[in-house]
Amino acid sequence: MTLDPMTERLYYTDSYKRDFSARVVERSADGLTVYLDRTLFYPSSGGQPFDAGSIAGVAVVDVVDEEERIAHRLAAPLAAEGEVSAEIDWARRFDHMQQHSGQHLLSAVFEELFGLHTVSFHLGAESATIDLEGGPVESRTVVEAERRANQLVSENRALDVRFEDARAAQGLRKASEREGTLRIVSIEGLDRSACGGTHVRSTGEIGPILLRRTEKIRQSVRVEFVCGGRAVRRARADFEALSKIAQMFSAPLDDVAPMVAAQLETAKAGDRARRKLELDLAAFHGKELYATTGPGPDGMRRAVQRLERGNLEDLRAVAQNFTAQGKGVFVATLKDPPSVLLATSADSGVDAGKVLKAALTGAGGRGGGNARIAQGSVPDAGLLDALVASLG
Ligand SMILES: [Zn+2]
């Protein structure tokens, strides 16, 4: 057992320090988990992900808050003992600082302007979200909050961290359940929140704040946002995606939405016209097939169409136009998947549904329809010829 129960959290008092030295106080048997007497590594907590970096040159792949102590999980066993030097991945850390301070600012703005309470915060790899409760979040709410948040960024208000006794701490945005000493992060003249996270020292460092998607989740509304470097990268990606579409239309960026809408309308009208032509063509085929099919001794015209692949649905209109001429029986088969279509004229004396159903049952297939047209499937394409013969 270790004699050093607590890990001193150096990031509590200085979120800008990037490297440090510390003493290894304990190591797991496999050397992949180490405990230090003090650390700059932030453990995943309060919605903020852990810090990456290295200890004695070995990559840190996870940092876990075990309340009293902080466990550092490594990519390879640590051989070093005693005093080690370590550094955190500053780009990752500063990004987290921008998003987390941005979250405090946004939460305060939603509270101040609309009485919306932040009930949770999540910082993901691409974007962050807050869940709001206390009312609807309309698009103008989002626009207004974004405007106000960016105004507070440009005012470059100070952010600071203070330790206060929980019983004496006043004016917190959200009451803390913790006892003893609270770590309070304040934004000058705007917000006081109990928080263990790492923060920038003034709102200017948060950089631009963009609000994006909102999504209703049970009784709350999830608002997605990006701050600082992420906002710039996101705006760049949006611009590039939109530019590609604008190029296709040879149009200015701002005209893209109405042009896409107009194009969709044109495509729909084209679809309608195509469907009408398909029906006209099927009618023509059905009539032509009827004209070129000689009647049998009983005066009935029988046509059989065999398809290798495709869709029997495509032949329904042909079948109906064939049988509409009177005294006609139309059969179509499809090899893959093995299926059959039967259509009969009203004056043929053949009930298509009943006849096909009986034939299918004999062949182990299934299907049905009405007296004039019916369709079904069989388990094997080898059964189709016998089935056609049985349909007369
Ligand atoms: Zn926080």
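The values are calculated or read from the model by the stated rules, or taken from the named source; none is laboratory data. Computed from a predicted model, the values in this text were never measured in an experiment. Reconstructed Cβ throughout: ideal geometry from the backbone, glycine too, with neighbour counts over all protein chains shown. In case anyone asks, the SASA skips ligands and DNA or RNA and just uses the protein heavy atoms, side chains included. Shrake-Rupley method; radii C 1.70, N 1.55, O 1.52, S 1.80 Å.
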> Limited to the stretch 20-45, what total is found for residues that are within 16 Å of the ligand (Cβ to nearest atom), touching a helix residue (DSSP H, G or I) at 6+ places or on another chain (Cβ under 8 Å) and open to solvent by 40 Å² or more (accessible area, probe 1.4 Å)?
Replying inline: 0
> Taking into account only those residues within the stretch 292-310 that are of a type outside the set (D, E, K, R) and assigned to a loop (DSSP other than H, G, I, E, B), which is modelled with the lowest pLDDT?
Replying inline: Gly310
>> Being among the basic types (Lys, Arg), within 18 Å of Arg230 (Cα to Cα), under 33 Å from the mean Cα position of the chain (by Cα) and within 16 Å of the ligand (Cβ to nearest atom) narrows it down to one residue among Arg93, Arg173; which is it?
In response: Arg93
> Given the conditions (1) over 17 Å from Gly47 (Cβ atoms); (2) within 16 Å of the ligand (Cβ to nearest atom), and given that Ala231 satisfies all but one, which numbered condition is not satisfied?
Replying inline: (2)
> Across the stretch 203-219, what is the total count of residues that are away from the ligand (no atom under 16 Å from the Cβ), modelled with pLDDT of 95 or more and among the polar types (S, T, N, Q)?
Replying inline: 1
> Given the structure, is Leu106 part of a strand (DSSP E or B), touching a residue at least 40 places away in the same chain (Cβ under 8 Å), within 16 Å of the ligand (Cβ to nearest atom) and surrounded by 17 or more Cβ atoms within 10 Å (Cβ to Cβ)?
Replying inline: no
> Considering only strands (runs of 3 or more DSSP E) fully contained in the stretch 315-385, which possess at least 3 residues that are touching a Phe, Trp or Tyr at 6+ places or on another chain (Cβ under 8 Å)?
Replying inline: 339-344
> within 16 Å of the ligand (Cβ to nearest atom), part of a loop (DSSP other than H, G, I, E, B) and either surrounded by 16 or more Cβ atoms within 10 Å (Cβ to Cβ) or at negative phi (or both), is that true of Arg162?
Replying inline: no
>> Could you list, ordered by first residue, the pairs with Cβ atoms under 8 Å in which the first is in the stretch 78-89 and within 15 Å of Phe20 (Cα to Cα) and the second is acidic (Asp, Glu), at least 6 apart or interchain?
In response: Ser85/Asp19; Ala86/Asp19; Glu87/Asp19; Ile88/Asp19; Ile88/Asp51; Asp89/Asp51
> Under the condition of being within 19 Å of Thr333 (Cβ to Cβ) and of a type in the set (Gly, Ala, Ser), which residue from the stretch 276-305 is surrounded by the most Cβ atoms within 10 Å (Cβ to Cβ)?
Replying inline: Gly286
> Does the stretch 112-132 include one or more residues that are closer than 28 Å to Ala237 by Cα, surrounded by 12 or more Cβ atoms within 10 Å (Cβ to Cβ) and in contact with a Cys (Cβ under 7 Å, 6 or more places away or on another chain)?
Replying inline: no
> Got at least one residue in the stretch 191-198 being away from the ligand (no atom under 14 Å from the Cβ) and either small (Gly, Ala, Ser) or open to solvent by 30 Å² or more (accessible area, probe 1.4 Å) (or both)?
Replying inline: no
> Of all residues in the stretch 46-55, which are part of a loop (DSSP other than H, G, I, E, B) and either surrounded by fewer than 17 Cβ atoms within 10 Å (Cβ to Cβ) or in contact with a helix residue (DSSP H, G or I) (Cβ under 6 Å, 6 or more places away or on another chain) (or both)?
Replying inline: Gly46, Asp51, Ala52
>> Here is a check on your reading of the model: is Thr181 among the hydroxyl-bearing types (Ser, Thr, Tyr), away from the ligand (no atom under 16 Å from the Cβ), surrounded by 11 or more Cβ atoms within 10 Å (Cβ to Cβ) and at pLDDT 95 or above?
In response: no
> Conditions: (1) open to solvent by less than 10 Å² (accessible area, probe 1.4 Å); (2) of a type outside the set (Phe, Trp, Tyr); (3) farther than 29 Å from Ala29 by Cα. His72 meets all but one. Number of the miss?
Replying inline: (3)
>> Kindly evaluate Val331 against the criterion of being closer than 30 Å to Gly204 by Cβ and β-branched (Val, Ile, Thr).
In response: no
